[in-house]
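Below you'll find the structure, written out as structure tokens, and then a few comments.
The values are calculated or read from the model by the stated rules, or taken from the named source; none is laboratory data. Small disclaimer: the values here were computed from a predicted structure and weren't measured. Methodologically, a virtual Cβ is constructed for each residue, glycine included, from the backbone with ideal geometry; neighbour enumeration extends over all protein chains shown. Ligands, DNA and RNA are stripped out before the accessible areas are found, and what is left, the full protein with its side chains, is counted by its heavy atoms. Shrake-Rupley method; radii C 1.70, N 1.55, O 1.52, S 1.80 Å.
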Amino acid sequence: HYGATFGGVILQWAHEVAEVAAARHARCPVVTVSIDDVYFLAPSHVGTRVVLKASVNRVFNRSMEVGVRVEGHRLNGEIVLIN
């Protein structure tokens with residue numbers, strides 16, 4: 001795997017972080033209906049600290065839109081947008 005984190009693992013983390021943000025906003029259990037787009041902009045190599053940031057973007061009557069930003073914080077201090 002060329003020393004990089006598998007994309008499916010990062011997608012799992014993003015899904016879990018989005019669920020936490022949605023459940024905290026709704027104050028009840030939530031389910032995922034769909035995921036619109038996923039773009040991997042840069043690889044996350046071994047030694048990169050992955051930071052995930054979720055935000056509730058829009059709220060409707062019975063649904064909401066949650067966005068997740070995935071950053072890679074490298075050992076040299078560089079911050080790279082992974083997703």
(request) Go through Gly3, Gly67, Gly72 for me and flag whichever is among the small types (Gly, Ala, Ser) and exposed (fewer than 11 other Cβ atoms within 10 Å of the Cβ). (result) Gly3
(request) Take Val38 and decide whether it is exposed (fewer than 14 other Cβ atoms within 10 Å of the Cβ), among the hydrophobic types (A, V, I, L, M, F, W, C), part of a loop (DSSP other than H, G, I, E, B) and in contact (Cβ under 8 Å) with a residue 40 or more places away in the chain. (result) yes
(request) Any residue in region 1-17 that's at negative phi: show its pairings with residues that are among the polar types (S, T, N, Q) and loosely packed, with under 14 Cβ neighbours inside 10 Å at Cβ separation under 8 Å, as long as the two are six or more apart or on different chains. (result) His15/Thr32
(request) May I ask you to verify whether Val51 is without any contact (Cβ under 8 Å) to a residue 40 or more places away in the chain, under 16 Å from Ala14 (Cβ atoms) and open to solvent by less than 60 Å² (accessible area, probe 1.4 Å)? (result) yes
(message) Quick check on region 14-35: of everything there that is in contact with a Ser or Thr (Cβ under 9 Å, 6 or more places away or on another chain) and part of a helix (DSSP H, G or I), which residue is surrounded by the fewest Cβ atoms within 10 Å (Cβ to Cβ)?
(response) His15
(request) Output the residues belonging to region 54-83 that are hydrophobic (A, V, I, L, M, F, W, C) and in a strand (DSSP E or B). (result) Ala54, Val56, Val59, Met64, Val66, Val68, Val70, Ile79, Val80, Leu81
